[in-house]
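What follows draws every value from the coordinates through simple rules; no lab data is involved. A quick note: this is a predicted structure, and the numbers were derived from the prediction, not measured. Using ideal geometry, Cβ is built from the backbone for each residue, glycine included, and neighbour counts are taken over all protein chains shown.
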Amino acid sequence: MRCNYRAFISLFLFFRLLSFPAFTQEGLTHTKDSLLNVIPSLTGEEKLNAYDRLHTIYMDNLFDDASLEDFFALSTEYATEARNQNATKQQGDIMLNNLIANLRMNHFDEVDKNIDNTLAFLKEHALTDAMYIAYKQQILSYCRRGMYAELCNMLQATGRFDEFFDMAGQTEELLEKLSTEDKHKDHNTDKMNLWTLYAFAYNSKGEYDKAEAYCNRIDSLHGRDAVSLGNITYLHSHIWEARGDYSKALAYINKAIETDPTYTYARFTKVRILSRMENAPLTWAETEETVEYIDSLRCISYDRQLDELRTQYEVDKHIAEKERVRNFMYFALAGYILLIITLGIWIYYNRQITKKNKALVKQIKELQTQHERAETELLNKTSFGIEDTDNHLCPETRKDQLCMAIRDVLLKEKAYRDPTITRDHLSKRLGSNKDLFIDAFQYCFGMSFPEYLNFLRLKDAIPLLEGSDLTIEEISEKVGFGTVRTFQRQFQSRYNMSPKDYRKAAIA
């Protein structure tokens, strides 16, 4: 019930504000504040009506750029709400009011900048009344800047002569009024432009006497430039040509060419006049001169286009070079960042490998200590614990004796350092058969003959890697490996690292 009561109060205030006239500045301020307070609580069409009322109040009180800024800030909010509600008429009104506000503050550039978009929107949504008002703002903008000739020129060029003469008459009255009010300012240029439009309009309608009258009025003015003088002289020639007096027409067209040599159309007109004259037939020399002049103009235009193309090429080349340098810098920066990342990963990976290798070295050294202790115990043994008997021919006694003999050959004589040593060679040397040798070796050392040889060789290689300047190849040969590849493969297989990495980690 409380919510309904508050909504009722809001609606009551809103409609009271819409119907209550504000005659004083204090009343306007109060109305604006009230509308600003009530708008957030409104929705739908009521909110749009409130915005429209507030928009009108802001527009009616434009005094300076500060109030214009407030007006446009409100216009933005109003336009957003209108778009949200798909209210095209309100959107068109906002765009139109923005034009009027800019024109009121003499911001003509803003009018020119926004007029096309405004007209396009109004045309798209068939808001014809607003389109008429928008066109009116454009015309008023031209008039306030003194651009009367532009308006008249548009009407005259499109053959709308009645509208042109009406507009031209109003413009002429305005120029006379301005000349009277400000006598220090020369309005001859404005008058000449307007009279030129009059002359061309009457000439287009075939009223040559009136056209000539305006040409004579222009001739009486001072301060004309070559282009305008050439245009009026050409118009004189056209009038006399239309009357059939080709001599006077030729005199005027020669004067027009003399006044403005770049007036190409005057040269064509001269050729046409000469072709019509009975006593001055068109000569080949005259035609050739005209053609040569037109060709020269074409060459000048061509050269100018080439210069523009060269300039554009140089500009594009400079832009492309800057783009290339910028892209190179981007690639270089990306490469530098990638290099830093790669270097960081490499450093991290190496540190991890180094850490891992140091841990492996520690384990290998511990194993080395254990192996040396086990080897010392093995060397001190007088028996391998095989059941002892007094019969030297007993197999157990023979196995024990064979183990002791193998131990002496391998550990005391270091026979494993001979890369050519083989199981058959050693069993033959010790006077044993193959089966007994294999059985005794496996029982005494717990591994096969090749495995034990590699074990002893690797054990000997450890101190050489740590404390000598021998190369990997030299160490491999010294401990009994036939090739360095065999040494590296066996070392990697047993210790999970290469001999080179072991040496590096053990010395570091």
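Checking each residue in segment 492-508 for being touching a residue at least 12 places away in the same chain (Cβ under 8 Å) and part of a helix (DSSP H, G or I) picks out Arg494, Tyr495, Pro499, Lys500, Asp501, Tyr502, Arg503, Lys504, Ala505, Ala506, Ile507. Scanning segment 489-508 for residues that are surrounded by 17 or more Cβ atoms within 10 Å (Cβ to Cβ) and within 22 Å of Thr422 (Cα to Cα) turns up Gln490, Phe491.
Working only within segment 70-127, note down all residues that are under 20 Å from Leu48 (Cβ atoms) and assigned to a loop (DSSP other than H, G, I, E, B). Correct list: Gln85, Asn86, Ala87, His125, Ala126, Leu127. Filter segment 438-477 for residues that are more than 16 Å from Glu375 (Cβ to Cβ) and touching a Leu at 6+ places or on another chain (Cβ under 7 Å); which is surrounded by the most Cβ atoms within 10 Å (Cβ to Cβ)? Checking each candidate, the answer is Ala440.
For segment 360-379, the set of residues classified as within 20 Å of Tyr443 (Cα to Cα) and surrounded by 14 or more Cβ atoms within 10 Å (Cβ to Cβ) consists of His371, Glu375, Leu378, listed by residue number.
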